[in-house]
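Written out below as structure tokens is the structure these notes cover.
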Amino acid sequence: MFTTRFTQSITAKSAAAVTLLGIGGYCAQTRLISTAHAESKETYKVFSGFGFTTLRLQSIKDFNHNTKRLVFEFPDQNATSGLSLTSALLTISRPEGRWLPVLRPYTPISDLDQKGQIELMVKKYPNGKASTHIHSLVPGDTLTFAAAIQGHAWTPNQSSQVYLIAGGAGITPIYQLAQGILNNPADQTKIKLVFGVNTEQDLLLREELEGFKTRFPDRFDYLYTVSHPEGQSDGFRKGYVTEELLRDVVKADEDAKVFVCGPPAMEDSLVGSKFQSGILAKLGFEKGQIVKF
């Protein structure tokens, strides 16, 4: 995941807490947690309690020129994350030459019930302190995680139809929600995704999204829109996420919800001030139907 605005307000407080505890403090706590995990005979949930958890990087893979997929292994291969829809993890990076840690939230893209590991997708930004540090990691290196950050508390079938609107790196929390809904046999919610990016190479998780369409043809559909395509359009529209585009996709039924995550300019145009003056309001959605990550 990438950093989302709903988490940014907590990072300053969390940074202060980390500084007060000190590196030795949270490393010691991590060792205690890991020992307890190894001794427990029950299925262990890595992020279910308070504290810091340091995980070893198992593998790293380039997705495109500025985005990597990183798999971190749990101390117990039978452990699960313990996270719920929708959740992000606060990472603690110590870039070389910096005394204070850098805290950034990222949304896991692996199934939250997957055993033994968790996967992040991290985009490297120019001058991005945390993303640059994370991109520098190699298998065997470690990364420390602090609090799990709860977003919208999803319960199965709370809406019969959801619309997911993502821009660029904002696809990760949107993807986590779609994956959690579709992989739950008890949840019959239908999903329509609109994903806007700059170039076709920025269509992160494209293979997984198109796999959802193959596996759940009656419940999942998507539309890609690319603002600066490099050639002939292949499976996507040209342009931005606009009111005109959305009129062809969304329907503001009373039971519907719409989830938004993307660059600030995109979110502002869709949601507007106090959820009442943006494109979604013009299309008939009430404040209580709109969720911004």
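Counting helices only, and only those DSSP H runs with n ≥ 4, report the 222 nm mean residue ellipticity of the chain as the sum of -39,500 (n - 2.57) divided by its residues, in deg cm²/dmol to the nearest 500.
-8000 deg cm²/dmol
Protein chains only, probe 1.4 Å: how do 50, 236 rank by accessible area, largest first?
Putting 50, 236 in descending order of accessible area: 50, 236.
Straight-line reach from residue 123: which lysines fall under 17 Å, measuring Cα to Cα and dropping same-chain residues less than 8 apart?
61, 68
Grab the other residues whose beta carbon is less than 13 angstrom from that of residue 139, score K and R as +1, D and E as -1, and report the net.
Neighbourhood net charge equals +2.
So how do 268, 248, 141 rank on accessible area, 1.4 Å probe, biggest first, that is with the largest at the start?
248, 268, 141
What aspartates and glutamates does residue 45 reach when the alpha-carbon gap must be under 14 Å and sequence neighbours fewer than 8 apart in one chain are set aside?
Filter leaves 73, 76, 111, 113.
Among 63, 216, 150, whose Cα projects farthest towards the positive end of the dipole of the chain, with charges put on the beta-carbon of Lys, Arg (+1) and Asp, Glu (-1)?
150
I'd like the distance separating the alpha-carbon centroids of the range 111-131 and the range 254-293, in whole Å.
26
Given the protein chains as shown and a 1.4 Å probe, how many square angstrom of residue 48 are accessible, to the nearest 10?
In the full protein context, residue 48 sits at about 80 Å².
With the cut-off at 1.5 for a/c, could you classify the chain from its C-alpha gyration tensor as rounded, prolate or oblate?
It comes out prolate by the Cα gyration axes.
List the lysines whose Cα sits under 24 Å from the Cα of residue 190, skipping any in the same chain fewer than 8 residues away.
213, 251, 257, 282, 287, 292
Tabulate in residue order the Karplus-calculated ³J(HN,Hα) for the range 58-72, using 6.51 cos²θ - 1.76 cosθ + 1.60 with θ = phi - 60°, rounded to whole Hz; enter x for Gly and Pro.
Residue by residue, the range 58-72 yields 8, 7, 9, 9, 6, 9, 8, 5, 9, 9, 10, 10, 10, 10, 10 Hz.
How high is the relative contact order of the range 64-170? Use alpha-carbon pairs under 8 Å, at least six apart in sequence, and give a whole percent.
Once divided by the residue count of the range 64-170, the mean separation gives 34 percent.
Around residue 102, with a cut-off of 9 angstrom between Cβ atoms, what is the net charge of the other residues, counting Lys and Arg +1 and Asp and Glu -1?
Its environment carries a net charge of +4.
Quick one: order 218, 234, 187 from most to least accessible surface, probe 1.4 Å.
Accessible-area ranking of 218, 234, 187, largest first: 218, 234, 187.
To the nearest 20 Debye, how big is the dipole of the chain about its Cα centre, given +1 on the beta carbon of each Lys and Arg and -1 on that of each Asp and Glu?
720
With a ≥ b ≥ c taken as the square roots of the eigenvalues of the C-alpha gyration tensor of the range 161-292, please select rounded if a/c is under 1.5 and otherwise prolate if a/b is larger than b/c or oblate if it is not?
It is oblate, given that a/c is not under 1.5 and a/b is not larger than b/c.
Mind giving me the FRET efficiency for residue 199 and residue 119? R0 is 22 Å, r the Cβ-Cβ distance, nearest 0.05 is fine.
It comes to 0.40.
Short version: ³J(HN,Hα) in whole Hz for each residue of the range 87-102, in order, from phi by Karplus 6.51 cos²θ - 1.76 cosθ + 1.60 (θ = phi - 60°), x for Gly and Pro, what are they?
Rounded to whole hertz, the list is 9, 10, 10, 8, 9, 10, 9, 10, x, 4, x, 9, 7, 8, x, 10.
Taking 8 Å as the Cα distance limit and 6 or more residues as the minimum spacing, I'd like the relative contact order of the chain as a percentage.
In percent, rounded to a whole number, it is 17.
The values are calculated or read from the model by the stated rules, or taken from the named source; none is laboratory data. Source: prediction; values computed, not measured. Counting neighbours? That spans all protein chains shown, and the Cβs are built from the backbone with ideal geometry, glycine included. Just the protein is used for accessible areas: all its heavy atoms, side chains included, with ligands, DNA and RNA removed. Shrake-Rupley method; radii C 1.70, N 1.55, O 1.52, S 1.80 Å.
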